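First the structure, in the form of structure tokens, and then the observations on it.
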Amino acid sequence: MEGVEKRMDEVEQRWMDVVEDFDTAFPPVIDFSRSNHSSPLERSLLVTNHGISPSIIEDALSSAAAFFALPAEEKSVYASKDLRKSVRYDYEADGPSDELITTRRMLLKHYAHPLQHWINLWPSKPTHYKEKMGKYADEAWKLALNLIGIVMESLGVEPRSVQGRFEDGTQVMAINDYPAASKTPARPDDPFLRLPAHTDFGCITLLLQTRPGLQVLDPIDGKWKWAPTPPGSLHVHLGDHLQVLTNGSYRGLNHRVVHSGEKERLSVASIHSLAMHHRIEVLDALVDEQNPRAYRGTSFAEFLDFISGDGTSSSSSSNNGVISTYIDSLKIPEN
Ligand SMILES: O=C(O)CCC(=O)C(=O)O
Ligand SMILES: [Fe+2]
């Protein structure tokens, strides 16, 4: 335990700041060494001083903006509803539209790790897109690997034993453009809900965002809270696959996007997990008599089967209890 605390101190000094004022809702976020269920990691975490240079971050955002600003016919080269595509553009993600533009968001999704395997498939316009987004993808991957190590240390699991399995892991980048409201037909029921509540499928997500809009469900009081957006910071949240690996010690964070659309909002989510067919099982070290195995094994490929089957593009529905979620489908019933 002492080792863990020392490492946490180092981490804190190296590249993290405590967020003092999380919209008056969240406590300071650095205390990874508590591996109990109210760990701040399970709630929401903002990473600053992360070592990714401001110019790499600005370039990633500007190349995303330039892609979405292309004429519709250029973007439609990548348009697809096939959720298994490694590069996919969708201008009406999460909702039907009879307009030329989305009711909610435009989405460019592409795989990113290993970079040399995927980058040639990325959009060739704007011409700087591959280079700029590629640099960010690479940095985000390294940071995610670091964070996975910290999560494991907080649970007393040797980090390298798990980090090694991420070397050939997946990195899915979801690049989102929530257009300004003037271009967007309002939905009468909930005009400002742009991305419905969901958890991400992977282990860890790094999210870059240009404006407020992200809300996270606080597992402690069950209320939706705004995530802050200090420039250059990354919002980090955990996903379903980490919930499986850690036997529920950490849980996927439920989040959604609410955006009134005064101005366009961009976000780049980098979602990290193990390789496509690599089995994700509860770590043996986290199972004992008091903590029986709570989830069956799964994989990224199986997640794709799950979402392709029910036609939704997220791993979790809003909390109406009717549509089953991916993580629920993995739970082993208690005796
Ligand atoms: O736009 C955002 O802030 C969130 C995006 C997101 O949750 C996702 O792409 O999974
Ligand atoms: Fe998400």
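Taken together, the values in this text are just the output of simple stated rules run on the coordinates, not laboratory data. Since we're looking at a predicted model, the values are computed, not measured. All Cβ positions, glycine included, derive from the backbone under ideal geometry; neighbour counts span all protein chains shown.
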### Message
Within the stretch 201-240, name every residue whose backbone N is under 14 Å away from a label modeled 7 Å from Cα of residue 165 along the Cβ vector.
### Response
203-204
#### Entry: FRET efficiency for residue 226 and residue 74, using Cβ-Cβ distance with R0 set to 41 Å, rounded to 0.05
0.75
#### Entry: Potential lengthening between residue 82 and residue 290 on full extension [0.36 nm per residue; Cα-Cα distance subtracted]
70.7 nm
### Task
Taking amide H positions as placed in the peptide plane 1.01 Å from N, state which residues far from residue 79 in sequence (5 or more) or on other chains have amide H under 5 Å from it.
89
### Query
Restricting attention to the stretch 191-299, which GluC sites (Glu not before Pro) occupy a DSSP loop and are surrounded by at most 10 other Cβ atoms within 10 Å?
262, 289
### Query
Once amide H atoms are built 1.01 Å from N in the peptide plane, which residues 5 or more positions from residue 264, or in another chain, come under 5 Å H to H?
180
